[in-house]
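Rule-based calculations on the coordinates, nothing more; no lab input. Worth saying up front: this structure is predicted, and the values here are computed from it rather than measured. Heads up, the Cβs are rebuilt from the backbone with ideal geometry, glycines too, and the neighbour counts pull from every protein chain shown.
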Amino acid sequence: MTGRADAEALDAADPIAAVRARFALPRGVVYLGGNSLGALGTRTGAKVAETVEREWGDGLVSSWNDAGWWDRPLALGDRIGRLVGASAGQIAVCDSTSLNIYKAVGAALQLAPDRRVVVAERDCFPTDRYVLEGLGSTLGDLELRLAGPEPGELAAAIDDSVAAVLVNHVDYRSARRLDVRALTVRAHGHGAVAIVDLAHSAGAIEVALDDWGVDFAVGCTYKYLNGGPGSPAFIYVARRHHDHVSQPLSGWHGHARPFAFTTAYEPAPGVRRFVCGTPPIVAYAALDAALDVWDGVDVLAAFEKGQALVDLLVSLVDERCPELEVASPRDRALRGSHVALRHVHAHSIVRELATRHVVGDVREPDVVRLGLAPLYLRFTDVLVAVDALRDVLDHEPWRNSTSDPRPTVT
Ligand SMILES: *Cc1c(COP(=O)(O)O)cnc(C)c1O
């Protein structure tokens, strides 16, 4: 049995335990929703206020130059680069992940102009598929080849007709992690472009974009990167493609000389050409503050801690909540930083957990999803969460409820 003393010992030995104080978490809450919306940093509000009052209020339009607004998409991109294994100048922060998927796949199709097949996972995060279908209906001749869930099926779907392969590094529901390096080798071996969606891995587990050799990557900044609701996404474009790649949302912020106001589009050098229109400067301030939290943090130690939190949760669930099926891989190398627990009454369980101040979410049809964000969770929090889970299961709240009302956002 794993008990409080074990969890306390793990907290005492945690090399990044002090980072928790950089977050403004509500007292008494165990927050396991950080893979959906990351927690607020203690300095985020002040940084946003400073941007609004000083940069916007006082500086007005001159802040585009004087406060560095124009350069912010790439400056923030370089800060994220440290967390995802990308050297400087290859990441732009802009738009949403959905839009960046559109841009990356559009760019990939232009790199492989004689091919019209895109491989994606059958069970990918739905927006990835919706965007591919939308792009397909615009182009008219795109073939979407869905494969998986087994990695072998995905690899088998890649042949010489494929223009691009789009995969989710970590599955949003099960937490299964793909070997992106191997899939990239396979894609390149067939002349295809490799694109990875890092929404559930950036800031949570090790990502090595340059080393893996992927062509494009996209990801969210409001999940494990804690940028806040609506924080803009990022897009990585491997340096070898810079200066000859083009993307379909060619807006003026990606122009080489936007203030020349020329009639002809002339792409900016490098990843800058993937920025489309005027970016959300106030949201950038929140993201910048969220990235400050990583200053001085040993990134690999943080990811290691995330996996240790997952290990603890899984072993406690095995010991104490056998009616829940652990639906995430048990092998660290094959999973992300959240845990999927299956139960027919997942909705009831998550609602009841919330009344006990433990926040998780549900993914259809029957998955209780608990995110273990390494920067602000303690091992003792995991213990508290499992105590609450055990209590909920003992009370069987679904027995007295006739309906199962669901909120708009789950
Ligand atoms: C959360 C998530 C997204 C979100 O896309 P947005 O356009 O930022 O809303 C995209 N892909 C994956 C895999 C996700 O988990």
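Residues of region 349-360 being out of contact with any Lys or Arg (no Cβ under 7 Å at 6 or more places or on another chain) and crowded, with 21+ Cβ neighbours inside 10 Å, which ones? Steps first, answer last, please.
So the first thing to find is which residues in region 349-360 are out of contact with any Lys or Arg (no Cβ under 7 Å at 6 or more places or on another chain), and the list is 349-359.
Of everything in region 349-360, those that are out of contact with any Lys or Arg (no Cβ under 7 Å at 6 or more places or on another chain) and crowded, with 21+ Cβ neighbours inside 10 Å turn out to be Ile349, Val350, Glu352, Leu353, Val358.
Taking Arg240 and the conditions (1) buried (at least 24 other Cβ atoms within 10 Å of the Cβ); (2) among the basic types (Lys, Arg); (3) more than 16 Å from the ligand (Cβ to nearest atom), which numbered condition does it fall short on, given that it satisfies the others?
(1)
With the requirement that a residue be part of a helix (DSSP H, G or I) and under 23 Å from the mean Cα position of the chain (by Cα), what does region 22-46 give you? If you could, list the steps in order and put the result at the bottom.
Taking region 22-46 and keeping what is part of a helix (DSSP H, G or I), we get 22, 44-46.
Selection gives Arg22, Thr44, Gly45.
Let's see how each residue does on (1) within 19 Å of the chain's Cα centre (by Cα); (2) more than 21 Å from Ala86 (Cβ to Cβ); (3) crowded, with 18+ Cβ neighbours inside 10 Å; (4) touching a residue at least 60 places away in the same chain (Cβ under 8 Å):
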position: Thr262; (1), (2), (3), (4): no, yes, no, no
position: Gly270; (1), (2), (3), (4): no, no, no, yes
position: Gly277; (1), (2), (3), (4): no, yes, no, no
position: Ala286; (1), (2), (3), (4): yes, yes, yes, yes
position: Leu291; (1), (2), (3), (4): yes, no, yes, yes
position: Phe303; (1), (2), (3), (4): yes, no, yes, yes
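State which residue pairs qualify: first residue touching a residue at least 60 places away in the same chain (Cβ under 8 Å) and inside region 115-127, second residue part of a strand (DSSP E or B) and within 8 Å of the ligand (Cβ to nearest atom) in any location, beta carbons under 9 Å apart, and separation of 6 or more residues or different chains.
These pairs meet every condition: Cys124/Asn168; Cys124/Asp197; Phe125/Asn168; Phe125/Asp197.
In region 181-208, which residues are touching a strand residue (DSSP E or B) at 6+ places or on another chain (Cβ under 6 Å), among the hydrophobic types (A, V, I, L, M, F, W, C) and within 13 Å of the ligand (Cβ to nearest atom)?
Selection gives Ile195, Val196, Leu198, Ala199, Ala202.
Is there a residue in region 196-212 that is more than 29 Å from Trp294 (Cα to Cα) and either charged (D, E, K, R) or more than 18 Å from the chain's Cα centre (by Cα) (or both)? Before the answer, list the steps.
First, the residues of region 196-212 that are more than 29 Å from Trp294 (Cα to Cα): none.
No, region 196-212 has no match at all.
Regarding region 344-355, can at least one residue be identified that is touching an Asp or Glu at 6+ places or on another chain (Cβ under 9 Å) and polar (S, T, N, Q)?
Yes - at least one qualifying residue is present in region 344-355.
Does at least one position in region 332-339 carry a residue that is of a type in the set (Val, Ile, Thr), buried (at least 19 other Cβ atoms within 10 Å of the Cβ) and either over 25 Å from the mean Cα position of the chain (by Cα) or over 29 Å from Arg20 (Cα atoms) (or both)?
Going residue by residue through region 332-339, those that are of a type in the set (Val, Ile, Thr) are 339.
Filter again for buried (at least 19 other Cβ atoms within 10 Å of the Cβ), leaving 339.
Within this subset, residues satisfying the condition of being either over 25 Å from the mean Cα position of the chain (by Cα) or over 29 Å from Arg20 (Cα atoms) (or both) are none.
No, there is no match, as no residue in region 332-339 is of a type in the set (Val, Ile, Thr), buried (at least 19 other Cβ atoms within 10 Å of the Cβ) and either over 25 Å from the mean Cα position of the chain (by Cα) or over 29 Å from Arg20 (Cα atoms) (or both).
Can you pull out the residues in region 210-224 that are in contact with a strand residue (DSSP E or B) (Cβ under 6 Å, 6 or more places away or on another chain) and either within 16 Å of the ligand (Cβ to nearest atom) or more than 13 Å from Ala86 (Cβ to Cβ) (or both)? Full working, then the answer.
First, pick out the residues of region 210-224 that are in contact with a strand residue (DSSP E or B) (Cβ under 6 Å, 6 or more places away or on another chain): 214-219.
Selection gives Val214, Phe216, Ala217, Val218, Gly219.
Does Val409 satisfy being crowded, with 23+ Cβ neighbours inside 10 Å and β-branched (Val, Ile, Thr)? Spell out how you get there, then give the answer.
Working: crowded, with 23+ Cβ neighbours inside 10 Å: no; β-branched (Val, Ile, Thr): yes.
So Val409 does not fit the description; no.
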